[in-house]
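To start, the structure under review is shown below, and the notes come after it.
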Amino acid sequence: MSGTIGVLFVCLGNICRSPLAEGVLRELATRERVAARLDVDSAGTSAFHTGDSPDPRTLEVALRRGVRLEHAARQVTEIDLRRFDYIIAMDANNLEKIERLAEYAGGGAEVHLLREFDETAVGARDVPDPYFGGERGFEDVHDMVERACEGLLRHIREQRDF
């Protein structure tokens, strides 16, 4: 999208953490009246769930908190590394995969871990995958993602002056 700032969230399967972060950032940007300035998407480093909707537990927690998720899982591509200004990984494992892809794909995106923007993340930088956990795991992940997305949006606004 021309004239917008692109943010791509990346996790493993693109059905729990990254679509949640996509929805949370969109909601925050809408509340702050800057949504038109952002192109937000999410993808996975694997193709395990390509075409699938977000995990029902992720959808349920997000909906209870006023965040709508409308997304079909997809795998991150080389084009993404050139299209987006910020590539935000959910954990160190996926960050490493993105960095390897970027070595030969090029692009000028800033690549970060999401929790770099969470002031409460002392030492812990990964957003844990709640897929095999219970309901509480999805609640905890939503809390982490929300805090970190608030920090990310502040970071982008400071860098891009909007």
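Residue 75's amide H: which non-local residues (gap 5+, or another chain) put their own amide H closer than 5 Å, with H modeled 1.01 Å from N in plane and none for Pro or chain starts?
Those lying under 5 Å, H to H, from residue 75 are 44.
Given the rule -39500 (n - 2.57) for each run of at least 4 DSSP H residues, summed and divided by the residues of the chain, what is its mean residue ellipticity at 222 nm, to the nearest 500 deg cm²/dmol? Mind showing how you got there, number by number?
On the way: 5 runs with 70 residues, N = 162.
So the calculated ellipticity at 222 nm is -14000 deg cm²/dmol.
Restricting the calculation to Cα positions, tell me the Rg (one decimal) and the Dmax (whole number) of the range 1-53 in Å.
11.9, 35
Would you pull out the residues with amide H under 5 Å of residue 111's amide H, same chain only if 5 or more places away, H placed 1.01 Å from N?
Those qualifying (amide H under 5 Å, at least 5 residues apart or on another chain) are 87.
Give me the 1.4 Å probe accessible area per residue for the chain, excluding ligands and nucleic acids, in Å².
For the chain, the per-residue accessible area is 49 Å².
Would you mind giving the three semi-axes, in whole Å and largest first, of the ellipsoid equivalent to the range 83-162 according to its Cα gyration tensor? The partial results should precede the final answer.
Numbers: eigenvalues 107, 64, 18 Å².
One finds semi-axes of 23, 18, 10 Å for the range 83-162.
Filter the trypsin sites (Lys or Arg not before Pro) in the range 1-74 down to the DSSP loop ones having no more than 16 other Cβ atoms within 10 Å, then list what survives.
When the trypsin sites (Lys or Arg not before Pro) of the range 1-74 are filtered for loop state and at most 16 Cβ neighbours within 10 Å, 33, 65, 68 remain.
Give me Rg/Rg_expected for the chain, where Rg uses Cα atoms only and Rg_expected = 2.2 N^0.38 Å with N residues.
Values: Rg = 14.4 Å, N = 162, 2.2 N^0.38 = 15.2 Å.
It is 0.94.
Please list, in chain and number order, the residues 5+ apart from residue 38 or on another chain whose amide H is under 5 Å from its amide H, with Hs placed from the backbone.
Those qualifying (amide H under 5 Å, at least 5 residues apart or on another chain) are 5.
The values are calculated or read from the model by the stated rules, or taken from the named source; none is laboratory data. Everything numeric in this text was worked out from a predicted model, so none of it was measured. Please note: Cβ atoms are built from the backbone with ideal geometry, for glycine as well, and neighbour counts cover all protein chains shown. Each accessible area value is taken on the protein alone, full model and side chains, heavy atoms only, with ligands, DNA and RNA left out. Shrake-Rupley method; radii C 1.70, N 1.55, O 1.52, S 1.80 Å.
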